[in-house]
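This report refers to the structure that appears directly beneath it.
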Amino acid sequence: MSVKEAQANWEPKILVFACNWCTYAGADLAGLSRLQYPPNVRVLRVPCSGRVNPQFVIRAFQRGIDGVLVAGCHPGDCHYVTGNYFTRRRYLLMQRLLQYVGVDPERFQARWISGSEGPKFQQVVKEITEQIRAMGPNRKLRDAQ
Amino acid sequence: MSDKVKKMQEIAREILEKGEAKVVIGWEKGTHWYLSPPAFIDKPEEVERLVWDDFCHNNLSKYLKDYVNHEGKVAIFVKGCDSRAFNRLLQDKQIERDKVILIGIPCHGLKDQDKAKELGENADIPKAKKCVECRYPNPLVYDYFIGEEKALDEVAAASEARDFSDVEAIETLSPDEKYEFWNKQYERCLRCYACRNVCPACSCRECIFDQTRVGWIGKANNASENQFFALTRAMHVAGLCIECGECERVCPMNIPIMLLNKKLIKDINLLFGPYDAGVDVDGKLPLGHFDKNDPEEFM
Amino acid sequence: MKTVLKTKLPELFEKLANNYTVFVPAKIEGISRFAPYQNGLELALEENVLMPPKDIFFPQTEKMYKFKAKDQYLEIEDLPPEEGQQVIFGVRSCDLKSIDCLDQVFLTKGFVDAFYQDKRDRSILIGLSCVKPMENCFCSSMGVDPQKGVGADIQAYDLGDKVGFEAITEKGRELLGKIETLLVEEAASVPAVEKFVLTADIEGVPEKLKNMFDHPIWDDICRKCLNCSVCAFVCPTCHCFDIASEVRGEDGTKIRCWDTCMFDEYTRMAGGHQPRPGKKERVRNRFMHKLRYFPERYDMLLCTGCGRCVAKCPVNLDITAVIRKIKEAE
Amino acid sequence: MAVTAEDVKKINPLVPIRAKVIKIVQETPDVKTFHISTMDDKKPFDPMPGQLGMLSLPAIGEAMFSVTNKGESHIEMAIKSVGQLTEALHEIEVGQEVGIRGPYGNGFPVDYCKGKDILFIGGGIGLAPVRSLIMHCIKNRDDYGKLTVVYGARSKADLCFKEDLFENWPKVPNMDVFVTIDREEEGWDGHVGFVPAYVEELAPKPQVTVLCGPPVMIKFTLPTLQKMNFKDQDIITTLELRMKCGIGKCGRCNIGSCYVCLDGPVFTMEQLKDLPPEY
């Protein structure tokens, strides 16, 4: 395959950190409801959006992920009562820090998606995939291997 | 010898003679006139080594971590930034207040070592970069105090001078320009971990970057891994950084590390209200609590 | 002596660059180091560069071999050999001596390190004499002649506005022949070296250290150390390394990278046993290695007096001061 | 002179060769012995007793192990599960391909021991390196005098090489095997107690002692041996430190100016007395 072809065939890789208690169920619901969403996403289940730390996100970019979505319960709905409030603080900072070092804002996003929001999951994932597709592959923070 | 130095030595001698502490940590003259590295004084007759001048850069509070299991007390000299570092360690329960004797010394702002080396002893040497924006020249906590507190209006003037223009200059760049800038900085990082080891906010018993066998960070040195280190560390010290600027001073590769820390400080202030680490020992850490009314951007 | 004006050096490098990768002292992003010559490179000829030339032979991260591991299957594959000759211009006497130290480590005592040897064999070294020692230099105290190094193929002399060349080896003579048209034959005398700011009296130190392992001096010396690795990473002789794997799915690369006895993980064993658990043991090992162990093993000091660690240590843990303390210790 | 890829392969001591595990023996709950052959069923290398080999699952890591025995076409390594690599090794099955390089280190002074009565003292996994010398002595039985093995482990289950201890070695002429465990337990009618005390109780009269075991065992056995009037050069032990290169370059296994991977792992007490106690 030529370089040109490879570029033409490129598909974005999106990593979704999904909270076990809400977004993961939301993704499940989307599936059960036969809501089509792009196959570009890889869903990684975490016990709480608060479990996702900066290392995970940077590592994803290092290893070739083009966009990261972290999705958890709406504020007030955390299974562990307050986990997502902490998450929110952390991500507000982290998002700004990553943008500050040149990561495009679209490439690291966070959303609250509950277990009943199958359509929202579909919608968000579609949106992000299209945004990332328009931007092309991520080269930033990538390791050389 | 200045009165301050005399007083320093007097207090140190008294502490050691009375046996109040087994060791006094201060500064002494180093290899060159523009170096005043840390000094550890065990005996009253050694107090003459102690100095206080324009180059007492090292933040001594970090050494208290070495004395956690030490019997008896440790006495240390603290500038404004050292005292904030002390408060931070105290806040994290890394040290015990009553095991430390603090000798406060108001700081006039230290001078740039590299410039001193370049310009020579008789020149007018500019302030160190980290001291230009200092807002806490007076120690915030102490048992002894040397000299006079810096006048409050001077401190207030310094507070107003809070300057994020360097951070803002980067914020206005395009994403690609930003990335190019930082990538270039971290391409040359040696990962010697001097920034971490000198940092009073980095007080974990076992650092994530030392757990190479677990695979958090690759051993290879390249811009990608180095930025993994830099960004992770910046996040880890978010809300803990007391702006002593030691990380940047000790970096052998002159990486502007404080530009990362200052970005986080700026955003913490903007998003969660004014906060200065190491000022209020009983207060909550910005990332250690939350407000239900925090900005909402993730709906 | 064959000479060339310093202003003409870029022309000379340009010419050599046709056939060689030419490493020259340069300032990049404010840091002086050896870098492949290219047009517009800012040369740093009036100082000894911060980063020593050791990474040309012993890179901070070096790929060793590739492998593929899937289920029970394993494949080990060599990397394609690097090719091409390289010239390293402007190596000061301290750094030439350090290459001598590295040669001892990597090329003697039973095993030859093929990665190092390959890079070393493809290199031609051009030394450069010093006139004015920098303020952290103390090479002459460590038995190094700042005017003439050991192991160079060509020795270059700083003659003020000119540089003079003297071929030492056959390789060197051959190389000089290739740039002959740029050189002028003239009588020149090498200027005397100015006074050193920093000195150390190493006489008898390795022997004295034999009985100082348990000396209380180490309790004192180690205290201000931060256990970072600035000293080791800017040191031209420090050569310890770690071996690690970079794995991506089934494919992997074995790499080796600089390591240092300052780090906890360096000696910590899988079961948790740690023979050098604290600052004291690690600081002691560093100075013992430089001043006693290495001389015992290879009959030369592992410090060449380049002064880089003195210049960069965050706490001014000055090796000349350590030597002085050892001398004065009872 | 330029080195070609072919040369690098021939001479590069840091690159392992491909090999395979042909047999795995579960010695104790946390010790397994791995039999390793090259891909064409040969011995990967021919080690002297006490020498070491660098074994790797390249994706996980590489570590130095003593070669506990060698056969016609394989070598054996007994490995205790303590860290990342060893845990992974305990997961593998026969047929697994591994990387191996060696042999490294000095090995036991087999010639010096010739004609002498030898006492072998082992504790736990410490019998692994010692076993290589025991096997050598058995193979060359006429070259050596009386062989006495004193071996201890925490419990019956923790005894390594049970077949050798209870079946094979007791049948060897002029060889005694004494086994002890730390605490009494059901189904054990042998000796109970720590190794140093057992050695003192047995009071054998060998000319050379070879010992290896946990530091605490060595610490308490040495005074016993001194009481038995051993000369320092006749007390032989084998050490272990963290190693990466195995060829005396990477620096970390130094004890003073010695490298365990090159000048060791076998040292006499006489040599150790001259080295800093940093192991």
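Over region C:5-154, what lengths in whole Å, largest first, do the semi-axes of the equivalent ellipsoid take, defined as the square roots of 5 times the eigenvalues of the alpha-carbon gyration tensor? All intermediate terms of the calculation are to be shown ahead of the outcome.
On the way: eigenvalues 197, 80, 40 Å².
Ellipsoid half-lengths, sorted descending, are 31, 20, 14 Å.
Counting each pair of different Cα atoms once, what's the Kirkwood radius of region B:41-134 in Å, rounded to one decimal? Please list the in-between numbers first.
Numbers: mean 1/r = 0.0669 Å⁻¹.
For region B:41-134, the Kirkwood estimate is 15.0 Å.
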Return the whole-Å distance between the Cα centroid of region A:49-63 and the Cα centroid of region C:77-97. 38 Å
In chain D, which Cys residues have no partner Cys with a Cβ closer than 4.7 Å? D:113, D:137, D:160, D:212, D:253, D:258, D:261
Just the C-alpha atoms of region D:6-104: what Rg/Rh do they give, with Rh taken as the Kirkwood radius? 0.94
Using alpha-carbon coordinates, inclination of helix B:3-17 to the longest axis of chain B, degrees: 80 degrees
For region D:110-238, the percent of all C-alpha pairs falling in each 10 Å bin, from 0 up to the bin holding the max distance, is 13, 49, 33, 5, 0
Based on C-alpha coordinates, I'd like the Rg and Dmax of region B:3-160, in Å. 15.6, 45
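For every helix of n ≥ 4 consecutive DSSP H residues, a contribution of -39,500 (n - 2.57) applies; sum these over the protein assembly as shown, divide by its total residues, and give [θ] at 222 nm rounded to the nearest 500 deg cm²/dmol. Show your work: numbers first, answer last.
Values: 35 runs with 315 residues, N = 1053.
Rounded to the nearest 500, it is -8500 deg cm²/dmol.
Quick one: buried accessible area between B and C, total over both chains, 1.4 angstrom probe, nearest 100 Å²? It would help to have the intermediate numbers written out before the result.
Numbers: alone 16090 and 16420 Å², together 29400 Å².
The contact between C and B buries close to 3100 Å².
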Let me confirm one metric for peptide C:301-314, namely the mean number of other chain beta-carbon atoms within 10 Å of its residues' beta-carbons. 3
Exposure rank, largest accessible area first [B:163, D:111, B:112; 1.4 Å]: D:111, B:163, B:112
What percent of all Cα-Cα pairs in chain C falls into each 10 Å bin, going from 0 up to the bin containing the maximum distance? 5, 23, 31, 23, 13, 4, 0, 0
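Between the DSSP loop rule and a limit of at most 16 other Cβ atoms within 10 Å, which GluC sites (Glu not before Pro) in region C:234-281 are left? Don't skip to the end; give the middle numbers.
Working: sites: C:246, C:250, C:265, C:281; in loops: C:250.
In loop regions of region C:234-281 (DSSP not H, G, I, E or B), the sparsely surrounded GluC sites (Glu not before Pro) are C:250.
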Can you bin every Cα-Cα distance in the protein assembly as shown into 10 Å intervals starting at zero and give me the percent of pairs per bin, rounded to whole numbers? 2, 9, 16, 20, 20, 17, 11, 4, 1, 0
Accessible surface of residue D:23 in the full protein assembly, 1.4 angstrom probe, to the nearest 10 Å²? 100 Å²
Could you tell me the extents of region A:1-77's C-alpha atoms along the three principal axes, largest first, rounded to whole Å? 50, 34, 15
What distance in nm separates the simple spin-label points at residue B:176 and residue B:293, each placed 7 Å from Cα in the Cβ direction? 4.3 nm
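Could you work out the local net charge near residue A:88, counting Lys and Arg as +1, Asp and Glu as -1, over the other residues with Cβ closer than 9 Å to its Cβ? If you can, show how the numbers build up before the last one.
Working: positive: A:89, A:90; negative: B:294, B:296, B:297.
Once all neighbours under 9 Å are counted, the net charge is -1.
What do you get for GluC sites (Glu not before Pro) in region C:114-220 restricted to DSSP loop and a cutoff of at most 16 other Cβ within 10 Å of the site's Cβ?
On the way: sites: C:135, C:166, C:170, C:174, C:180, C:185, C:186, C:194, C:203, C:207; in loops: C:135, C:186, C:194, C:203.
In loop regions of region C:114-220 (DSSP not H, G, I, E or B), the sparsely surrounded GluC sites (Glu not before Pro) are C:135, C:186, C:194, C:203.
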For region C:61-67, take each phi angle, set θ = phi - 60°, evaluate the Karplus expression 6.51 cos²θ - 1.76 cosθ + 1.60, and give the result in whole Hz per residue in order, putting x for glycine and proline. 10, 10, 6, 9, 6, 9, 8
Please give the per residue accessible area of region C:2-328, computed with a probe of 1.4 Å over protein heavy atoms only, in Å². 38 Å²
Residue-level accessible surface for residue B:78, protein heavy atoms, 1.4 Å, Å²: 0 Å²
With axes computed from alpha carbons, what is the tilt in degrees of helix D:127-139 against the longest principal axis of chain D, rounded to the nearest 10 within 0 to 90? 80 degrees
Carbon and sulfur %, accessible surface of the protein assembly as shown computed with the full protein complex present, 1.4 Å: 50 percent
In square nanometres and to one decimal, what's the mean projected area of the convex hull around the Cα atoms of region C:120-162? 3.9 nm²
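Using only Cα atoms, what Kirkwood radius does chain D have, in angstroms? Walk me through the numbers on the way to the answer.
Numbers: mean 1/r = 0.0516 Å⁻¹.
Result for chain D, one decimal place: 19.4 Å.
Partner chain Cβ atoms within 10 Å, averaged over the residues of B:209-218 - can you pull that number for me? Numbers along the way, then the final one.
Details: counts 1, 4, 1, 4, 9, 1, 6, 2, 4, 11.
Per-residue shielding by partner chains comes out at 4.
How would you rank D:225-234, A:43-52, A:68-77, highest first, on the average number of other Cβ atoms within 10 Å across their residues? Display every interim value, and only then the final one.
Values: D:225-234: 14.6, A:43-52: 18.7, A:68-77: 22.7.
The packing order, highest mean first, is A:68-77, A:43-52, D:225-234.
Please list the helices of chain A that count as membrane-span-like by this rule: a mean Kyte-Doolittle hydropathy of at least -1.0 together with Cα atoms stretching 20 Å or more along the helix axis, each helix being a complete DSSP H run.
Length and hydropathy pass: A:83-100, A:118-135.
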Lysines within cross-link reach of residue B:178: Cα-Cα under 27 Å, excluding same-chain residues under 8 positions apart? A:13, A:140, B:129, B:130, B:219, B:262, B:263, B:266, C:27
What accessible area per residue comes out for chain D, rounded to a whole number of Å², with a 1.4 Å probe? 41 Å²
Inter-label distance, nm, simple model (7 Å from Cα along the C-beta direction), residue B:53/residue C:178: 5.0 nm
So what is the accessible area of region A:1-107 per residue, in Å², with the probe set to 1.4 Å? 42 Å²
Accessible area buried at the B-A interface, both sides summed, 1.4 Å probe (Å², nearest 100): 3800 Å²
Among all cysteines in chain B, which have no other cysteine Cβ under 4.7 Å from their own Cβ? B:56, B:107, B:131, B:134, B:189, B:192, B:204, B:207, B:241, B:251
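Averaging over every viewing direction, what projected area does the convex hull of the Cα atoms of chain B cover, in nm²? Could you put the intermediate results ahead of the total?
On the way: hull surface 72.6 nm².
Taking a quarter of the hull surface, the average projection is 18.1 nm².
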Note to self: C-alpha centroids of region D:63-85 and region C:136-193 sit apart, in Å, by 53 Å
Contact order relative to length of chain A, as percent, for alpha carbon pairs under 8 angstrom and 6 or more apart: 36 percent
With springs only between Cα atoms under 10 Å apart, run a GNM on chain C and tell me which of C:300, C:262, C:212 wobbles the most. C:212
Can you give me the solvent accessible area of residue A:133 with a 1.4 Å probe, rounded to the nearest 10 Å²? 80 Å²
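Chains C and D: how much accessible area gets covered up at their contact, both sides added, probe 1.4 Å, in Å² to the nearest hundred? Present the calculation step by step, with values, prior to reporting the outcome.
Working: alone 16420 and 13650 Å², together 25730 Å².
Separately minus together, C and D give about 4300 Å² buried.
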Inter-part gap, Cα centre of region B:250-293 to Cα centre of region D:23-43, in whole angstrom, is 55 Å
Could you give the C-alpha radius of gyration of region B:243-299 expressed as a fraction of 2.2 N^0.38 Å, taking N as the number of residues it contains? 1.40
To test your reading of the geometry: what angle, between 0 and 90 degrees and rounded to tens, separates the Cα axis of helix B:223-236 from the longest principal axis of chain B? 60 degrees
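The values are calculated or read from the model by the stated rules, or taken from the named source; none is laboratory data. Bear in mind that the values here come from a model prediction, so they are computed numbers and not experimental data. Quick reminder, even Gly has a Cβ in these numbers, built from the backbone with ideal geometry, and neighbours come from all protein chains shown. To get the accessible areas, we keep the full protein, side chains included, count just its heavy atoms, and leave off ligands, DNA and RNA. Shrake-Rupley method; radii C 1.70, N 1.55, O 1.52, S 1.80 Å.
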